[in-house]
Amino acid sequence: MKALQLMAHGCPGTFAWHDVPTPSPGPEDVLVQIEACGLNHLDLWMESNNLPIQPQLPRTPGCEPSGTIRAVGSTVQQWKPGDRVSIQSNFSCGTCPACVRGEDSMCLHARILGVELDGGFSECIVVPARQLVALPAGLSTVHAAALSLAASTAMHMLTDRIQVAPGQSVLVMAGASGVGSAAIQIARELGCRVCSTGSTPEKRQLAQSLGAELALDPADPLWPRQVRQWTHKRGVDVIIEHIGGKVIQQALDCLARGGSLVTCGATAGREIQLNLWSLFVKQQRLIGSYSRNRRDLIQTLQWAGEGRLKPVIDRVMDMSEGPAAYQRLRNRSALGKIVLTPP
Ligand SMILES: [Zn+2]
């Protein structure tokens, strides 16, 4: 089989689309023929070696695959060849206390697909059967690959790390991104009012088409004031944030007393300055969110199957064009998700 492999770190990194041995499933594994895999910021960090873990190279990246089962291991009962599936990219252990209580995003022994294990930019993959989630009828593998990581991250933030309530106001940072475009839709489905940000007119228009009442330019230093005006000076109840850097302090300027800022990703910087006086006087919460639990992914795909959550796809590209896809995500020209498919 062929796979897109990262041969050397860099910005850009060195990739090869070439033959690798086809893996065979162990007793508890399945062999999935990959039909699509989303491209994510995690892949950019992997490419440039900007992760706190040291992956071994060559490595097949890709953390958002979906496809069709071709073979199952000897003890696998619940799946059969022909089943269409998405793969949960956080490979949790399944046995630690966090996993047992359904909080697999808290697993201490988890490994990341496409970073610590060969991932989805490949024609086939072997994964433990318990990493699979069935695709609802009518949801294509390309659409699943545009939602299963980014949208389930947003689902985890809005329904697990906090539980947003109808009538609440939610600020979604970078509403045209994978996490942002899903967060706008999920918050709206849950009865919230939403405002958002976007760095270009096209991105702001997209955020509004998804349901944001207001979409602001983060380059305008007055944008936090406009959010406060939108809430009649009260501030928003919830902020969904995945940018980090100096944006955090601006976002906190928009947060109501008693409000919560939920953050993941930190794509623009992991070190921030924080005014603790303002945080404790306003009794605000700063909440970290990482990955997703299995139930978040199931709910995300279910909502997508019901048409309540739509993928925003920038373009579908051939896996052999991987370096060009990475470049497009890196220079922030993508409007929505980039999905890679095998030739
Ligand atoms: Zn575990």
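The values are calculated or read from the model by the stated rules, or taken from the named source; none is laboratory data. Please read all numbers here as calculations on a predicted model, not as lab measurements. Note: ideal-geometry Cβ built from the backbone for every residue, glycine included; neighbour counts use all protein chains shown. Areas reflect the complete protein model, heavy atoms only, side chains present, ligands, DNA and RNA absent. Shrake-Rupley method; radii C 1.70, N 1.55, O 1.52, S 1.80 Å.
Overview of values
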read-out	value
Residue in the range 131-139 that is touching a residue at least 24 places away in the same chain (Cβ under 8 Å), of a type in the set (A, V, I, L, M, F, W, C) and within 16 Å of the ligand (Cβ to nearest atom) present	no
The range 239-269, residues that are within 19 Å of Ala212 (Cα to Cα) and acidic (Asp, Glu)	Glu241
Cross-chain or 6+ apart pairs with Cβ under 9 Å, the range 248-277 first and on the phi > 0 side of the Ramachandran plot and in contact (Cβ under 8 Å) with a residue 24 or more places away in the chain, then open to solvent by less than 70 Å² (accessible area, probe 1.4 Å) and among the basic types (Lys, Arg)	Gly258/Lys282
Count of the range 43-79 residues which are in contact (Cβ under 8 Å) with a residue 12 or more places away in the chain, closer than 30 Å to Ile243 by Cα and surrounded by fewer than 23 Cβ atoms within 10 Å (Cβ to Cβ)	10
Count of the range 165-182 residues which are surrounded by fewer than 24 Cβ atoms within 10 Å (Cβ to Cβ) and not polar (S, T, N, Q)	3
Residue tally, condition within 23 Å of Leu214 (Cα to Cα) and in contact with an Asp or Glu (Cβ under 8 Å, 6 or more places away or on another chain), over the range 154-164	3
Strands (runs of 3 or more DSSP E) contained in the range 221-329 and holding at least 1 residues among the hydrophobic types (A, V, I, L, M, F, W, C) and within 23 Å of Val164 (Cβ to Cβ)	236-241, 255-263, 285-288
Filtered residues of the range 70-103 (kept if in a loop (DSSP other than H, G, I, E, B) and away from the ligand (no atom under 13 Å from the Cβ))	Gly73, Ser74, Thr75, Val76, Gln77, Gln78, Trp79, Lys80, Pro81, Gly82, Asp83, Ser89
Residue satisfying condition, being at pLDDT below 95, among the aliphatic types (A, V, I, L, M) and away from the ligand (no atom under 16 Å from the Cβ), within set Ala146, Ala176	Ala176
Tally, over the range 334-343, of residues that are open to solvent by less than 50 Å² (accessible area, probe 1.4 Å) and part of a loop (DSSP other than H, G, I, E, B)	3
Which numbered condition Ala187 misses (of (1) in a helix (DSSP H, G or I); (2) among the small types (Gly, Ala, Ser); (3) out of contact with any His (no Cβ under 9 Å at 6 or more places or on another chain); (4) within 16 Å of the ligand (Cβ to nearest atom))	(4)
Selection from the range 107-116 of residues that are free of Cβ contacts under 8 Å to residues at least 24 places away in the same chain and more than 6 Å from the ligand (Cβ to nearest atom)	Leu108, Arg111
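The rows are residues; the columns are (1) open to solvent by less than 10 Å² (accessible area, probe 1.4 Å); (2) in the same structural domain as Gln229 (by TED's automatic domain parsing); (3) among the hydrophobic types (A, V, I, L, M, F, W, C); (4) closer than 22 Å to Gln250 by Cα.
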position: Ile184; (1), (2), (3), (4): yes, yes, yes, yes
position: Cys195; (1), (2), (3), (4): yes, yes, yes, yes
position: Ser199; (1), (2), (3), (4): no, yes, no, yes
position: Leu210; (1), (2), (3), (4): no, yes, yes, no
